[in-house]
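Asker: Just dropping this structure here.
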Amino acid sequence: MSNKYDDVIIGLEVHIQLTNLKTKFFCSCSTDYRGEEANTHICPICIGLPGSLPVINKKAIEFATRLALALDCDINNSFWFYRKNYFYPDLPKGFQISQYNKAGGRAFGDGGKITIKLNDKKKDIILNRIHLEEDPARLVHKGTIATSPYTLVDYNRSGVTLIEIVSEPVIKTPEEAREYLKQLKSIVQYCGISNLDLEGSVRVDANISLKGHARSEVKNINSFKEVERALKWEIQRQKNQLKRGKELIQETRHWDDKRRITISLRTKEFEQDYRYFPEQDLVPIEVDDKFISGVKKELPEMPNARAKRFQKKYKLSEFDSEILVLDKDIADFFEVGIKIDKSFGPEEYKFYCNWLMGDVSRWLNENNITITETKLNPQQIVDLINFIKEGKITGKIGKSFVDEIMTKDSSISDILKKTGKQRISDKDKITEIVKEVIKENLKIVKDYEKNPKALQALIGKCMQKTKGQIDPEITKEIMLKLLKE
Ligand SMILES: [Zn+2]
């Protein structure tokens, strides 16, 4: 049977704001505009007043160099900026300062790759280029873009530095796109150039086509999470069109994330419509090898290399290491934590990793925050592991502490004192509880005669009765003994 994505071709253009830059690309306005009143972070340069002159932010070049190195791009030692002309209210100058890799122009870096892993298979997603450009202003609509009676323009965002990462059209499925973005997000975090969890810090344009047909460009997908959904929808739309006997046209579509559909915006602009020409107000930029090697020295270990080191040094599995390193803050937390207790070895490293990837990550996802925003400290996980190992608490009791350690600065022994939750391991006490549970649950005991799996339900009842404090192993042993009698 053929795969439902056999004939799909996807290329992604990802725009990332360099949110860790303090000032905009060509002026000294602050980039910290989120939550601020509209049009308060602006100056003659970023609102494009006649006679104003842009001055390049050197740090932006350094940040782009970091990313280019991490993605394995060939950095161009000299380039100049271009004006990309178009007429739209988000662009007060009537052009965007960008880079152009034709007509003698060059991108910041050519080529490069991001390695993804899906169903245990590795694949390199080859990049076409990365380049720098300025962010346009933000248009604010009432409701959706299609139904809003007016548009408000906020120039606070105008002139913030963007880096665009353009993949080759080699992505075959929406799932591959999702993995690609996951790795890209991780690499960007390791480079220390942007916080992609900030609202509006990423925008993705996706080129989607079915082999032999015209492609559509879906614009302004505003979060990585939406990309997979938008791709699935657009692929289905194109297939349905063809099924109805209609040919596809080359067009630009907009992803409407409220209605979760793409809508046609306009027929696609062609490159000549943008009338690219060199930006004469900026001198050519030189990025020499000495500068590049200086940046390279400061780059931290990247996630791929780190995962390999975690396998070797901490004896974690390939699977565990690859997930653990994905979020740099969590991986840093791990490396600090496991060093606190000198007696820790591979067994405890694995426990530590399990806590972070399991209960802690689940809590972070549910509350939509990062580990650095919580009260969790590495010592607490060390104590959890030791207390469980020493038999003071069960794993189940440990799990019930997660909410408290994430939100309050309390030590595990304090929580233990406060809640009075201790592991029950005394055999006489356990026998007593098991006897009670058997008496109260004769129906389950009867089930057990036919279905040995009912044992788990009985142990569950003991857990319930003791609020998770009873030792599951000893309980099981005594339960089996008593059931035989
Ligand atoms: Zn400005």
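Asker: For residue 243, which lysines qualify as cross-link partners when the Cα separation must be under 17 Å and same-chain residues fewer than eight apart are set aside?
Answerer: Answer for residue 243, where 17 Å is the Cα cut-off: 4, 211, 232, listed by chain and number.
Asker: Let me ask something else about it. Roughly how many whole Å is it from the C-alpha centroid of the stretch 428-453 to that of the stretch 338-376?
Answerer: The stretch 428-453 and the stretch 338-376 have Cα centres separated by 36 Å.
Asker: Below 17 Å, Cα to Cα, which lysines can residue 142 reach? Residues fewer than 8 away in the same chain don't count.
Answerer: In chain and number order, the partners are 258.
Asker: At residue 118 and residue 275, where each label point lies 7 Å from the Cα along Cα→Cβ, what is the point-to-point distance in nanometres?
Answerer: 4.1 nm
Asker: Another one. How charged is the neighbourhood of residue 85? Take every other residue with its Cβ under 10 Å from the Cβ of residue 85, and add Lys/Arg as +1 and Asp/Glu as -1.
Answerer: +3
Asker: Let me ask something else. Would you calculate the volume per residue, in Å³, of the smallest convex hull containing every Cα atom of the stretch 1-125?
Answerer: 200 Å³
Asker: What nm distance separates the two modelled labels at residue 315 and residue 139, each placed 7 Å from Cα along Cα→Cβ?
Answerer: Spacing of the two 7 Å Cα→Cβ label points: 5.9 nm.
Asker: What are the DSSP H helices in the chain that stretch 24 Å or more along their long axis, judged by alpha-carbon atoms, and whose average Kyte-Doolittle hydropathy comes to at least -1.0?
Answerer: 174-191
Asker: Using a 7 Å offset from the Cα along the Cα-to-Cβ direction at both residue 485 and residue 377, what is the distance between the two label points in nm, to one decimal?
Answerer: Distance between label points: 4.8 nm.
Asker: Could you calculate the FRET efficiency of residue 432 with residue 225 from 1/(1 + (r/R0)^6), where r is the beta carbon distance between them and R0 is 56 Å, rounded to 0.05?
Answerer: Approximately 0.65, to the nearest 0.05.
Asker: Here are some pairs, 24/225; 225/421; 58/339; which of them have Cα atoms lying more than 29 Å apart in this structure?
Answerer: 225/421; 58/339
Asker: Among 138-145, 78-85, how do they line up by average Cβ neighbours within 10 Å per residue, starting with the highest?
Answerer: 78-85, 138-145
Asker: I've got another one for you. Jot down the radius of gyration and Dmax of the chain, Cα atoms only, both in angstrom.
Answerer: According to the Cα coordinates of the chain, Rg and Dmax are 28.3, 96 Å.
Asker: Need the full-extension length gain, residue 240 to residue 86, defined as separation in residues times 0.36 nm minus the C-alpha distance. One decimal, nm.
Answerer: Going from the current span to full extension adds 52.2 nm.
Every number here is computed from the coordinates shown, using simple stated rules; none is lab data. Keep in mind that this is a model prediction, so the values were computed, not measured. Quick reminder, even Gly has a Cβ in these numbers, built from the backbone with ideal geometry, and neighbours come from all protein chains shown.
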